[in-house]
Amino acid sequence: MSNFNILNLFKLLNENQGVVSLAIFLVTLLFGWFSGIFGALRKRPKFKIDIIDGPSFCCTFNNGNEFNGHDTHITAFALYLNIANIGSAPSSIHRIYIGYHHDIDRIGIDWLKYKIFWFWLEKETVISEDFRVDIGNNNIKVFPFLTQKNNLSPVKIDKFLEVGKSTNGIVYFEQEESWGTYFPFLNHGKVEIKVKISDVFGNYHSRKFKIDLLTLDDAKKFNPAFGNTYTEISRNRST
């Protein structure tokens, strides 16, 4: 019975060679198509984000103004980032964002919006001076910027990352004049932030960190212009 079935199978295949060839062709075509798709999906950049030793902190300070009877304040961030492409395709850093949670106690829509979700600063801020630290004997160490030019250092900005390549530098974000609880929530002496980076292909890469909250005097030890960008812009507009 088994030999009979095998003979019938060979006879059927022999009589339908065209159909079998077409079926093999279609299966091969589909396999190649899916393999190409999966191969393309595998080839994509993946940015690994780290904070390295240096000026990485947050600062919130009153700026001496009022809005509807409320004192106003400025919040600014400095982060010394290292970004490595550990994926399988090269790409460039497109934009960088910083998110934080508001210091809101009252339960409501704002609490859900900014205490559970993130409040995003979506545009880096230009700062007029370099970040540096005094290392003694009248010498200073200048930290490179990641996306803007340094005044005191000839370091070239390179946001294109080949596979296995990394870059590092300072990113600076300054929030415009705010009031109320529009400042980061402090938990056990640390501020939780989320760094999100988009590449030129529209992929997003993110990581959470906890950074220190410094006073304005301590922040200015790293950069005398810290927290002054929007004040300088307003002053220049009024003159």
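Descriptive notes on the structure:
- Long-range lysine pairs (8 or more apart or interchain), the stretch 179-231, Cα under 15 Å: 6
- Solvent accessible area, Å² - Thr215, 1.4 Å probe, full protein context: 80 Å²
- For the stretch 122-239, the solvent-accessible area with a 1.4 angstrom probe is 61 square angstrom per residue.
- The calculated FRET efficiency for the pair Val163 and Val200, based on their C-beta separation and a Förster distance of 22 Å, comes to about 0.90.
- The stretch 47-238 shape via C-alpha gyration tensor axes, a/c threshold 1.5: oblate
- Residues Lys43 and Asp212, FRET efficiency given R0 of 45 Å [Cβ-Cβ distance, rounded to 0.05]: 0.70
- Percent accessible area from carbon and sulfur atoms, the stretch 104-226, protein chains only, probe 1.4 Å: 52 percent
- For the stretch 132-209, with +1 on Lys and Arg beta carbons and -1 on Asp and Glu, the positive-most of Val142, Leu152, Gly164 along the dipole: Gly164
- Probe 1.4 Å, all protein chains present, accessible-area order of Tyr230, Tyr204, Tyr97, largest first: Tyr204, Tyr230, Tyr97
- Heavy-atom SASA rank of Ser128, Ser198 (probe 1.4 Å, accessible area, largest first): Ser128, Ser198
- Averaging Cα coordinates gives a centre for the stretch 135-157 and one for the stretch 181-228; these two points are 20 Å apart.
The values are calculated or read from the model by the stated rules, or taken from the named source; none is laboratory data. Treat the numbers as computed from the prediction; the structure is a model and nothing was measured. When we count neighbours, we look across all protein chains shown, and the Cβ atoms used for this are built from the backbone with ideal geometry, even at glycine. Calculation scope for accessible area: heavy atoms of the full protein, side chains included, ligands and nucleic acids excluded. Shrake-Rupley method; radii C 1.70, N 1.55, O 1.52, S 1.80 Å.
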